[in-house]
1. Take peptides 466-472, 509-515 and line them up by average Cβ neighbours within 10 Å, highest first, as a rough protection proxy.
2. Just rank 75, 406, fewest to most, by other beta-carbon atoms within 10 angstrom.
3. To the nearest 20 debye, what is the magnitude of the charge dipole of the chain about its Cα centre, counting +1 on the Cβ of each Lys and Arg and -1 on the Cβ of each Asp and Glu?
4. Pick the calculated Cα extents along the principal axes in Å for this structure from (i) 176, 59, 42; (ii) 87, 52, 43; (iii) 82, 51, 46?
5. With unit charges on the beta carbons (Lys and Arg positive, Asp and Glu negative) and the dipole taken about the Cα centre of the chain, which residue among 329, 76, 386 sits farthest to the positive side?
6. How many percent of DSSP beta bridges within the chain run antiparallel, rounded to 5?
7. Please report, ordered by residue number, every helix of the chain (full DSSP H runs) that is 20 Å or longer along its axis going by C-alpha atoms and whose mean Kyte-Doolittle hydropathy reaches -0.5.
8. Quick check for me: using +1 on Lys/Arg Cβ and -1 on Asp/Glu Cβ, what's the dipole size of segment 122-224 about its Cα centre, in debye to the nearest 20?
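Quick note: the coordinates plus some simple rules give every number you see, no bench work behind them. Everything quoted here is computed from the prediction, not taken from an experiment. Positions of Cβ are backbone-derived with ideal geometry, glycine not excepted, and every protein chain shown enters the neighbour counts.
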Amino acid sequence: MLRVLRTPKTGVFRQCRLISTNYVTTPIFYPNAEPHVGHLYSMVLADVIKRYNGLNGKDTYLLTGIDEHGLKIQTAAEKLNLQPKILCDQLAEKFKQLAEVGNIDNNRFMRTTDADHVNTVNDMWDRLTKAGYIYKGSHSGYYCVSDETYYPRDKCHEVNGRLVSIETGKEVEWTEEENYFFRLSAMRDKLLEFYNANPEFVMPKEVYRGIVDEVSRDLPDLSISRPTNRLSWGIPVPGDDSQVIYVWLDALVNYATAQGFDTVSEAVHIVGKDIQRFHAIYWPAFLLAAGIKPPKSVLVHSHWISEGQKMSKSIGNVVDPMHVISKYGSDSVRFLLMCDGHLHKDNDFTETKIAEKHNTMLVNKLGNLLMRITSAKFNLVDSLEQPQQKTVEDMAEFFGPEFTTTRNELIRALKELPDVYKADMARGSTPKTITDLYYVINLANKHVEETKPWSFKEKEIPAMILREAAETARIALILMQPFTPEFATKGLDRLGVKKERRTMEWAGLYVDGEYGEGKNYKGGYPIQRIQE
């Protein structure tokens, strides 16, 4: 049963930062390999949040793109005997194609080699220098080329005779060099004060607690440059060509490049758990030090695995997102990712689940409901008329108490659905959002199956039964637009819902009685099954 989330004292929804935002970002992806399903998931989740805010009348800017600098790209290019920029040009096209075939409505595809981004990074360096947060010093520690970061010794352990990062499992090596440093240690109290004042800055809650605990214990200064004799592929440090700017300072600033530093405070960042430290600690520290307000929130998601194991080329279980979209369609793949994409645990991806979710939920449930109410046997316009009370009483007597019970529960659930939907989306919980949405769709199908309106010759009885069923389809399709935009649009077109009436304000029960004219069909299923 649906439950509206209310605060104990006010009865008002707990307002999370995802409810209303003008700016949402994917991670700035590192293109040292082909795009994988995790990249697609981040893109789709960001796109769903943008489209959700669109339902609420917000014109939201969606940024995605690639982080092109760093030692991994330089090394990969050397192995291929290519210039790093040429390799990045090739990989950028693949990420752009993924966004296109995934039906991602992004406003810009950022590249960290873009001229305006280089200027913004130089601006940030200048701000931090003038504020007294950058100094030059010697540095030694355990460096991970793959992760582009230093790890303290207690964050590393030996595995098969090699020293690796405990967090990522990637090999580290002892490195000594001269770098520029950011006074991260000086930001400890400011960060803790910021976290305390903004308890929803990092989501889910358990990740927030982990970040606060990490900052509370220790926060050493951060190396923010690399010597050019080891790394030449990067943005030069202003005034010192012997050093390039650390890739993560460079990369994080892309969120300011897109629309300016003043817009960063509106941003909701979608990131994987492997880069939560960079976005939840380093990024707000840089911004606070420069006198810039940090983003609204960082939504951290888990990873996707395949057949119970981490995706690996050696195992042969890597999922190519371009392939599955080409095979099943973007809506079906998006729907699976949003159904199964839990934030707090790794999610298992298999191709069979795409067809299973598509057929059982999109076709058999919502598609079937839509087909029934637009059948040529019925008049959809007649179904929208308010029934006489006597008709309701006669129907209850004819069908028995089950009719009243199911119908009343369906009406109650439909009235609550928009608020429940908002509360679920506010926490970034797309699986819960879809589960609650389908609770209502299932109720509508149950009501139709119990009463069998197609078995009556009288017009009044089918119309009476189908009224709430038609409203369920209309409301559900409005709310499905962020998840399956193509199917939802086709469904709303089939119902004859006006384009200006497809927003959240029109997702209430009985608020639109002007659809359905001439929208009853002979045959023609609204969505086709996937052959398994």
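1. Sorting 466-472, 509-515 by mean packing, highest first, produces 466-472, 509-515.
2. Ranked by crowding around the Cβ, least crowded first: 75, 406.
3. Numbers: 66 positive and 71 negative charges, 201 e Å.
The dipole magnitude comes to about 960 debye.
4. Looking at Cα extents along the principal axes in Å for this model, the match is (ii).
5. About the Cα centre, the residue reaching furthest to the positive side is 386.
6. Percentage antiparallel, nearest 5: 55.
7. 37-55, 84-101, 430-451, 460-480
8. On the way: 13 positive and 20 negative charges, 58 e Å.
In debye, rounded to 20, segment 122-224 gives about 280.
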